[in-house]
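The values are calculated or read from the model by the stated rules, or taken from the named source; none is laboratory data. Everything quoted here is computed from the prediction, not taken from an experiment. Cβ coordinates were reconstructed from backbone atoms using ideal geometry, including for glycine residues, and neighbour counts include every protein chain displayed. Just so you know, the surface numbers come from the protein's heavy atoms only, side chains and all, with ligands and any DNA or RNA stripped out. Shrake-Rupley method; radii C 1.70, N 1.55, O 1.52, S 1.80 Å.
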Amino acid sequence: MPTDQTGQTYALFVGVDIAAQTAMVATQRPGAKASRSFTIEQTPEGYTSLLRQLQATGFVPCQVLVVMEATGSYWISLATRLVHEGFAVSVINPAQAHHFAKALLKRAKTDAIDAQTLAQLAMILQPEPWTPPPQIYYALQQRLAQRDDLLNLRQQVRNQLHALVQHPEVIAEVRARMESLLATFASQLTEVESEITAALSQDSAWAAAATRLQSIKGVGWVTAAWTLVTTLNLTSCDTVDALTAYAGLAPMPRQSGSSVWHRPSIGHTGNGRLRTAFYMATLSAAQHNPVIKAFYTRLRGVGKPEKVARCAAARKLLHIAWAVVKKDQPFDPNYALG
């Protein structure tokens, strides 16, 4: 029986191709072909039906590895249910499944074929199992995402109001509705920010980490909260280099032989929200954080473009964030300067 990197032995591999309302499922055993795919509904009843079919195979849950793609948010409920029932679940980047299919020279693409491909990927690659995040993650992530949405909506209405008042005649009722919307957004932002603070205080470990992160000049409560959410309190990566790559702030080389050579760049991969949080944090850190200010100034002094210098500063700021959380110490601005 195949064994994964942790020593766990699996006897059955399951591929689940996720859609909004349904999911296509295929199974595969070592030495055999993938089964014919079948469909389940994305409902509690559909999940129960899948559990019954998996249990009917005769294998105990810990011997079954289920692989699915992180497609939007449609995978979360099924993955959580399977983990709670004792199954090993791996949630992979859709790009990994895409490149795996290309490596197998699979040209046809249907939901049934995708499920079979995922079952084959599960058997050959055996990606690491996924662990559901703690309750504090959901309490913060959904509120932080809603805060972002409210800020975007407020800015849209502000822009519309700015355009409206440029007209020689402004209809009072139209303007009043826009101003009412802005007042509503302001009220809801205050409400959701209060809820974020209250939710964070309910978990002592996350609250302590947030306090340490905010000891870093340039890192405010929003950056601290997004850092905790996107990295599960700095536990989703084993090393700071892995964290930098996860944030998409690690320069990636592009060269092959003597004919292909490009300057290393960060590209567009990684967690965009974490990358944005630290990039924006450098706007303040480059002025008020002595470590980042000296680093950023030196890069600009040797001719680095502003964006390149800011990305490098964001990367350094992320390294500092890792250090203060992992070492359980507040930021010491004199440590790196001494």
**OP:** Output the pairs from Lys217/Lys304; Lys102/Lys316; Lys106/Lys316 with a Cα-Cα distance over 31 Å in this structure; if there are none, say none.
**Re:** Lys102/Lys316; Lys106/Lys316
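What net charge is computed for the residues neighbouring Ala205, neighbours being all others with C-beta under 15 Å from the C-beta of Ala205, Lys and Arg scored +1, Asp and Glu -1?
On the way: positive: Arg212, Lys326, Lys327; negative: Asp203, Asp328.
Once positives and negatives cancel, what remains is +1.
Quick check on packing: order 271-278, 28-35 by the mean number of other C-beta atoms within 10 Å, highest mean leading.
Numbers: 271-278: 19.6, 28-35: 14.1.
Ranked by mean Cβ neighbours within 10 Å, highest first: 271-278, 28-35.
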Subject >> Karplus-derived 3J(HN,Hα), 6.51/-1.76/1.60, for each residue of region 200-215, Hz, glycine and proline x >> reply: 5, 5, 7, 10, 5, 5, 5, 5, 5, 5, 4, 5, 5, 5, 6, 6
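Over the chain, average the accessible area per residue using a 1.4 Å probe and give it in Å², no decimals. Spell out each step's value before the answer.
On the way: 18760 Å² over 338 residues.
Computed with neighbouring chains in place, this is 56 Å² per residue.
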**OP:** Could you grab the Rg to Rh ratio for the chain? Cα atoms only, Kirkwood for Rh.
**Re:** 1.04
**OP:** Name the aspartates and glutamates eligible as straight-distance cross-link partners of Lys293: C-alpha to C-alpha under 16 Å, and not fewer than 8 places from it in the same chain.
**Re:** Glu306, Asp332
**OP:** Report the accessible area of Ser236, computed with a 1.4 Å probe over the heavy atoms of all protein chains in place, in Å² rounded to the nearest 10.
**Re:** 60
Original post:
Put +1 on the Cβ of each Lys and Arg and -1 on the Cβ of each Asp and Glu in the chain; which of Cys311, Leu234, Thr22 then has its Cα farthest toward the positive end of the dipole?
Top reply: Cys311
Original post:
Using the alpha-carbon centroid of each, what span in Å lies between region 110-137 and region 160-225?
Top reply: 36
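Rounded, prolate or oblate: which one fits region 1-138, using the alpha carbon gyration tensor with axes a ≥ b ≥ c (rounded when a/c is under 1.5, else prolate when a/b beats b/c, else oblate)?
Verdict is rounded for region 1-138.
Per residue of the chain, what 222 nm ellipticity follows from adding -39500 (n - 2.57) for every DSSP H run with n ≥ 4, rounded to the nearest 500? Intermediate results must be reported in sequence, preceding the final value.
On the way: 12 runs with 184 residues, N = 338.
Calculated at 222 nm, the ellipticity per residue is -18000 deg cm²/dmol.
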Subject >> In order through region 156-163: 3J(HN,Hα) via Karplus (6.51 cos²θ - 1.76 cosθ + 1.60), integer Hz, x for Gly, Pro >> reply: 4, 5, 4, 5, 5, 5, 4, 5
Original post:
With every protein chain left in place, what is the accessible area of Trp322 in Å² (1.4 Å probe, nearest 10)?
Top reply: 40
